[in-house]
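Below: the structure, in structure tokens.
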Amino acid sequence: MFKKIFLFICIACAALTAQAQISFRLSVAEKTISLQDELFVTYTLSGTSRDEGMPVLNFEDWKVLSGPNTSSTQTWINGNKSATVAYSFVLAPKRTGKLTVPAAEIAIEGKVYRSNYTTVTVSEGSAKGNPAQPQQQPAQRGSSIFDIFEDFFKDPSQPSSPSIRPGQTPQEFMKEHNFVKVTPSKSIAYLGEPILVTYDFYSGIRLAAINVTKQPSFNGAGVIEMTEEKEPFKTVHNGKEYVVYRIRQVQLVPLKTGTITLDAAEVTTDIMVNDNYGLSATKQTAIIKNAPVNITIQPLPPAKPEGFNGNIGQFTITANVERATLPAGENNYLTVQITGQGNIEGIKLPDIKFPDNIQPFTPTDSQSVNKQIFPMEGTKIFKIPIIGKAAGTAVIPAIGFSFFDNEDNSYKTINTVPITVNFTAPLQKGTYERPLNTDTSNNKYLWMLGMMALAAIAVFILFGRKKNTQNAPPSTKENIKPLNPNNYKTVAQQNTALPEMKDIDLAKDIAVLEQEIQETGFYSKAKKILVASLQQRLRSNSPTEYSLMEELKAAPVNPVLKNDYENLLQKINKGLYLPIVNIEERKQVLAALRYLVQKS
């Protein structure tokens with residue numbers, strides 16, 4: 001019963017969340033026009049997962065000259081698909097006065113969504129001294145940048161639909177006034193050095209619709225998305241004014257030397273184009289794309305310093321112990337912190353030469369990285385449990401960290417200061433001694449899970465007996481119906497009752513991956529196998545490792561297994577940003593994948 005209520009609440013919350021993201025709004029190009037003018041209006045539906053069909057409309061006071069003209073944009077955020085659909089019309093007023101541009105209605109999954117409505121004042125004379133033209137609407141926060149019609153031509157004499165010159169095709173006309181620009185931060189970079197790449201669409205005319213129909217791909221590099229919703233802005237290029245729309249922005253981490261090609265982004269645009277005499281306008285569609293751009297990736301300079309692991313950027317390092325004086329055999333921790341700009345996720349624990357009197361144990365690490373700035377900034381923290389073997393003074397020597405500084409193109413090694421730890425005599429027997437916990441797994445908690453499970457079963461049985469005693473009719477055994485087994489399904493059985501998923505032969509994929517252990521895309525393919533394993537285990541359709549890991553945390557799965565998944569994902573993510581191939585680490589990843597796939 002409690003499970004059903006909990007499941008119902010989760011589904012309801014998810015439905016409410018999904019519905020809250022849907023918006024339906026009306027925008028008009030002008031609020032005051034003349035009886036001879038035309039009005040450009042747009043109904044924009046945002047936050048859906050697909051094209052929902054045509055809305056219901058009734059233009060009583062208007063004559064429809066053109067439309068509906070439909071354009072759509074699809075975006076993916078954290079693996080979730082979202083569509084924005086714009087329905088545009090060109091209207092002519094039937095009379096003067098305050099006319100209403102009506103609200104539209106559209107049904108989505110049984111629920112009707114209604115847009116806003118607005119009024120437009122129509123006068124006898126020309127509202128601006130010349131015929132009204134379709135204007136671009138200003139950007140609105142929270143809407144997709146690709147359904148925006150920016151009103152940036154403030155000069156009434158500037159035509160909104162330039163005429164095609166005699167002999168000029170619509171495609172040539174569009175390329176003359178629009179283009180896609182790709183801007184890399186560097187044209188020559190080192191292996192593993194982050195590169196900022198930005199794709200922008202420049203428009204020098206008023207457009208009816210902008211739709212990104214092809215995103216660029218990047219082969220031979222790790223990709224870190226930085227694309228954020230950005231309002232269009234004005235700029236001057238080669239003496240001409242443009243409105244700039246952001247298409248995509250990423251950080252690339254080169255994984256091989258040679259040439260990386262920045263692929264083309266394609267933008268499909270709709271415009272209203274006048275004929276040669278300016279008497280009529282027709283909708284024209286054109287595809288605008290950039291020419292591919294090459295970046296040369298060169299190997300790092302030779303004579304790498306000892307301990308160099310491929311880190312590039314600018315960093316600092318500090319180290320300290322939790323207790324500078326303590327009894328021998330007592331629990332202590334050495335913390336090493338590396339902060340800076342660059343491939344933070346690829347940082348490994350530097351080599352530490354512990355003195356004979358200190359016993360180190362398996363370290364743990366954590367990180368905090370801001371990937372939305374270039375270059376990435378963050379901190380990597382390593383925590384190493386240590387104990388003193390006997391009374392005396394021990395000195396942990398300076399810890400060195402080597403990296404390549406891409407600002408001055410040189411290798412650097414930075415060091416911590418030596419750390420002195422004083423160990424007093426061990427505690428006497430009978431004195432409270434804090435034991436050192438070197439077990440970083442969750443095995444020590446398994447007995448608690450068993451006890452909790454037994455307690456839950458006992459409560460469930462007692463509750464069931466009490467309920468049956470209260471509700472049982474005063475009749476013979478023949479009146480007692482058998483228990484419905486569906487009411488007593490295990491969690492695993494309930495999961496299998498969800499919509500069926502097509503299981504993939506992951507063992508076969510691992511065998512293929514083993515043959516590609518030296519290939520550039522090893523870690524990318526390993527992550528796909530890990531994600532597929534999680535999907536099969538959880539019977540989930542979540543496409544990203546982040547959402548799957550959240551589901552795993554809440555799922556009734558062995559805590560040790562949860563820890564194995566988390567550690568393997570962390571190891572794979574580290575490997576994605578390291579340009580140096582380490583075969584032994586890749587073999588460890590393969591072994592861990594086999595183990596988890598067998599368990600799923």
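The values are calculated or read from the model by the stated rules, or taken from the named source; none is laboratory data. Because the structure is a prediction, the values reported are computed rather than measured. For neighbour counting, all protein chains shown are included, and Cβ atoms are generated from backbone atoms with ideal geometry for every residue, glycine included. Please note that ligands, DNA and RNA were not included when accessible areas were found on the heavy atoms of the full protein model with its side chains. Shrake-Rupley method; radii C 1.70, N 1.55, O 1.52, S 1.80 Å.
Here are the numbers for the structure shown:
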{"item": "Residues that are among the aliphatic types (A, V, I, L, M) and closer than 28 Å to VAL421 by Cα, drawn from region 336-369", "result": "VAL336, ILE338, ILE347, LEU349, ILE352, ILE358"}
{"item": "Residues of region 353-398 that turn out to be among the polar types (S, T, N, Q), open to solvent by less than 50 Å² (accessible area, probe 1.4 Å) and within 35 Å of the chain's Cα centre (by Cα), as a count", "result": "1"}
{"item": "Test: residue in region 339-347 that is among the aliphatic types (A, V, I, L, M) and open to solvent by 30 Å² or more (accessible area, probe 1.4 Å)", "result": "no"}
{"item": "Test: residue in region 399-410 that is among the hydroxyl-bearing types (Ser, Thr, Tyr), at pLDDT 95 or above, crowded, with 17+ Cβ neighbours inside 10 Å and assigned to a strand (DSSP E or B)", "result": "yes"}
{"item": "Single unsatisfied condition, VAL273 versus (1) among the β-branched types (Val, Ile, Thr); (2) closer than 24 Å to SER187 by Cβ; (3) at pLDDT below 90; (4) buried (at least 17 other Cβ atoms within 10 Å of the Cβ)", "result": "(2)"}
{"item": "Some residue of region 182-205 being under 27 Å from VAL85 (Cβ atoms), part of a strand (DSSP E or B), modelled with pLDDT under 90 and among the aromatic types (Phe, Trp, Tyr)", "result": "no"}
{"item": "Test: residue in region 302-323 that is of a type in the set (A, V, I, L, M, F, W, C), in contact with a Ser or Thr (Cβ under 8 Å, 6 or more places away or on another chain) and closer than 30 Å to LYS214 by Cα", "result": "no"}
{"item": "Number of positions in region 315-336 that are buried (at least 16 other Cβ atoms within 10 Å of the Cβ) and under 29 Å from the mean Cα position of the chain (by Cα)", "result": "1"}
{"item": "Matching option when the condition is at pLDDT 80 or above, in contact with a strand residue (DSSP E or B) (Cβ under 6 Å, 6 or more places away or on another chain) and either assigned to a loop (DSSP other than H, G, I, E, B) or acidic (Asp, Glu) (or both), among ALA132, ALA103", "result": "ALA103"}
{"item": "Region 51-64, residues that are open to solvent by 40 Å² or more (accessible area, probe 1.4 Å), at pLDDT below 85 and assigned to a loop (DSSP other than H, G, I, E, B)", "result": "ASP51, MET54, LEU57, ASN58"}
{"item": "Filter result for PRO305 (without any contact (Cβ under 8 Å) to a residue 60 or more places away in the chain and either out of contact with any helix residue (DSSP H, G or I) (no Cβ under 6 Å at 6 or more places or on another chain) or in a strand (DSSP E or B) (or both))", "result": "no"}
{"item": "Every pair of residues 6+ apart whose Cβ atoms lie under 8 Å, when the first sits in region 188-205 and is in contact (Cβ under 8 Å) with a residue 12 or more places away in the chain and open to solvent by 10 Å² or more (accessible area, probe 1.4 Å) while the second is among the hydroxyl-bearing types (Ser, Thr, Tyr) and part of a loop (DSSP other than H, G, I, E, B)", "result": "LEU191/THR257; LEU196/SER185"}
{"item": "Which numbered condition PHE233 fails, given (1) open to solvent by less than 20 Å² (accessible area, probe 1.4 Å); (2) within 28 Å of ASN370 (Cα to Cα); (3) aromatic (Phe, Trp, Tyr)", "result": "(1)"}
{"item": "Out of GLY79, GLY67, GLY97, sole residue that is open to solvent by 20 Å² or more (accessible area, probe 1.4 Å), modelled with pLDDT of 80 or more, of a type outside the set (Phe, Trp, Tyr) and out of contact with any Lys or Arg (no Cβ under 9 Å at 6 or more places or on another chain)", "result": "GLY97"}
{"item": "Those residues of region 92-122 which are closer than 18 Å to PHE40 by Cβ and of a type in the set (Val, Ile, Thr), in sequence order", "result": "THR100, VAL101, THR118, THR119, VAL120, THR121, VAL122"}
